[in-house]
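Engineer: One structure coming up, written as structure tokens, with questions to follow.
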Amino acid sequence: GMCLVFVCDEEERVLGSQQAPGSCPYCGGVVMATDVESAWRLCFLPLYFKAKKKFYCTLCARRLVAYP
């Protein structure tokens with residue numbers, strides 16, 4: 001049968017950020033690495049937490065997805 005999962009809402013909490021090595025490939029600016037914890041509130045299931053790093057440039061504010 002079909003399995004439907006309804007995500008009621010997602011919240012993100014910033015755990016901390018630090019300067020990442022290297023520079024932005026687009027503008028050469030300083031790259032910050034931010035540790036983010038995601039929590040999904042599912043209607044019938046408990047919360048699901050997932051910590052990840054997000055990289056962004058402080059100069060051009062571009063999100064760097066595939067940053068080494």
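Engineer: Please list, ordered by first then second residue, the pairs with beta carbon atoms under 7 Å, 6 or more apart or interchain, first in the range 14-35 and of a type in the set (S, T, N, Q), second part of a strand (DSSP E or B) and surrounded by fewer than 12 Cβ atoms within 10 Å (Cβ to Cβ).
Structural biologist: Thr34/Val14
Engineer: Moving on. How about the range 18-35: which of its residues are in contact with a Leu (Cβ under 7 Å, 6 or more places away or on another chain) and either more than 14 Å from Leu59 (Cα to Cα) or of a type in the set (Ser, Thr, Tyr) (or both)?
Structural biologist: The answer is Asp35, and nothing else.
Engineer: Now, a different point. Taking only the range 14-41 into account, find how many residues are assigned to a loop (DSSP other than H, G, I, E, B) and among the polar types (S, T, N, Q).
Structural biologist: Count: 0.
Engineer: So, in the range 51-68, exactly how many residues are surrounded by 14 or more Cβ atoms within 10 Å (Cβ to Cβ) and not in a loop (DSSP other than H, G, I, E, B)?
Structural biologist: Going through the range 51-68 one residue at a time, the tally reaches 5.
Engineer: Of the numbered conditions (1) more than 26 Å from Asp9 (Cβ to Cβ); (2) open to solvent by 40 Å² or more (accessible area, probe 1.4 Å), Tyr48 fails exactly one; give the number of that condition.
Structural biologist: So Tyr48 meets the others, but not (1).
The values are calculated or read from the model by the stated rules, or taken from the named source; none is laboratory data. Keep in mind that this is a model prediction, so the values were computed, not measured. Here Cβ is always computed from backbone atoms with ideal geometry, including for glycine, and neighbour counts include all displayed protein chains. Only protein heavy atoms, including side chains, enter the accessible area calculation; ligands, DNA and RNA are left aside. Shrake-Rupley method; radii C 1.70, N 1.55, O 1.52, S 1.80 Å.
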